[in-house]
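Chemist: A single structure is presented below for examination.
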Amino acid sequence: MAVLLLTGFEPFGGADHNPSADAVNAVAGDYDGPHELIAETLPVAFASSARRLRALIARHSPDAVIATGLAGGSRQIAMERIGVNLMDARIPDNDGAQPLDAPCEPDGPAARFATLPVKRLVQILSSHGLPAQLSLSAGSYVCNHVLYTALGAVSAKTVAGFVHLPWSTSAAPADAPHLPDEDLARAVRVVVDHALDAEVEVPGGSIW
Ligand code: PCA
């Protein structure tokens, strides 16, 4: 049986919900296989999120690491393609740290590519009627840090990646774009169900 590690984040930036943890908990509550699913909520803090994630990976040796988080202004579910070796925080994290222009890992590579089948996942999410896109930047806050850390911490057999979610309807601040709570949970479930699929070549790409 494959082991999947699925993470969401606690609230941050003054909000009292983070739809990523809500979606992860909804998926974990309903999940009945075929894999073993380990669901966790990470702190929105550079140092402790990375520490916690490394410990979870060491303890469970997952076959896939699927991290999720909130991208507040977004209307779409975004499969992140790349984690960059950069911490540049617009607001302090939940532990009060606000790194500026600092590397996640001083000796690490400039970037690491997600190894989840991101193009395939965008196709499948879209085929379920969910608005989904590829994203070339997870930003430079804690979500990017977790993606970069996960990709450096897993063994070669393990795929890892990051899903940025919009606000959920139930938790969205006024005027923020949002998707129904059940669609966010459905999206996370689709990623869980297809994380171990082979990546496929998908035409498209970009010209900018
Ligand atoms: N979103 C933030 C950090 C935690 C979260 O859910 C980010 O995109 O970095």
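The values are calculated or read from the model by the stated rules, or taken from the named source; none is laboratory data. None of these values were measured; they are calculated from a predicted model. Reconstructed Cβ throughout: ideal geometry from the backbone, glycine too, with neighbour counts over all protein chains shown. Each accessible area value is taken on the protein alone, full model and side chains, heavy atoms only, with ligands, DNA and RNA left out. Shrake-Rupley method; radii C 1.70, N 1.55, O 1.52, S 1.80 Å.
Chemist: If we keep just the residues of region 6-29 that are charged (D, E, K, R) and more than 9 Å from the ligand (Cβ to nearest atom), which is least open to solvent (accessible area, probe 1.4 Å)?
Modeler: 22
Chemist: Count, please, the residues in region 162-189 that happen to be on the phi < 0 side of the Ramachandran plot and not in a helix (DSSP H, G or I).
Modeler: Residues in region 162-189 being on the phi < 0 side of the Ramachandran plot and not in a helix (DSSP H, G or I): 18 in total.
Chemist: Consider residue 202 against the criteria (1) among the aliphatic types (A, V, I, L, M); (2) at pLDDT below 95; (3) part of a strand (DSSP E or B): it satisfies all of them except one. Which criterion is unmet?
Modeler: (3)
Chemist: Given the conditions (1) open to solvent by 10 Å² or more (accessible area, probe 1.4 Å); (2) of a type in the set (Phe, Trp, Tyr); (3) farther than 13 Å from residue 71 by Cβ, and given that residue 148 satisfies all but one, which numbered condition is not satisfied?
Modeler: Failing condition for residue 148: (1).
Chemist: Something else now. Taking only pairs six or more apart or across chains, which ones have beta-carbon atoms under 9 Å, a first residue in region 90-119 that is free of Cβ contacts under 8 Å to residues at least 12 places away in the same chain, and a second residue that is open to solvent by less than 50 Å² (accessible area, probe 1.4 Å) and polar (S, T, N, Q)?
Modeler: Close Cβ pairs (under 9 Å, with a partner that is open to solvent by less than 50 Å² (accessible area, probe 1.4 Å) and polar (S, T, N, Q)) amount to 106/85.
Chemist: Would you pick out the residues in region 32-46 that are outside any strand (DSSP E or B) and surrounded by fewer than 17 Cβ atoms within 10 Å (Cβ to Cβ)?
Modeler: Result: 32, 33, 34.
Chemist: Another question, if that's okay. Mind checking whether some residue in region 155-167 is more than 27 Å from residue 110 (Cα to Cα), among the hydrophobic types (A, V, I, L, M, F, W, C), open to solvent by less than 70 Å² (accessible area, probe 1.4 Å) and within 16 Å of the ligand (Cβ to nearest atom)?
Modeler: yes
Chemist: Can you pull out every residue in region 62-78 that is in a loop (DSSP other than H, G, I, E, B) and away from the ligand (no atom under 13 Å from the Cβ)?
Modeler: 62, 63, 75, 76
Chemist: Within region 54-61, does at least one residue satisfy the condition of being open to solvent by less than 50 Å² (accessible area, probe 1.4 Å) and within 16 Å of the ligand (Cβ to nearest atom)?
Modeler: no
Chemist: Answer with yes or no whether residue 86 is within 14 Å of the ligand (Cβ to nearest atom), open to solvent by 60 Å² or more (accessible area, probe 1.4 Å) and over 17 Å from residue 164 (Cα atoms).
Modeler: Against the criterion (within 14 Å of the ligand (Cβ to nearest atom), open to solvent by 60 Å² or more (accessible area, probe 1.4 Å) and over 17 Å from residue 164 (Cα atoms)), residue 86 qualifies.
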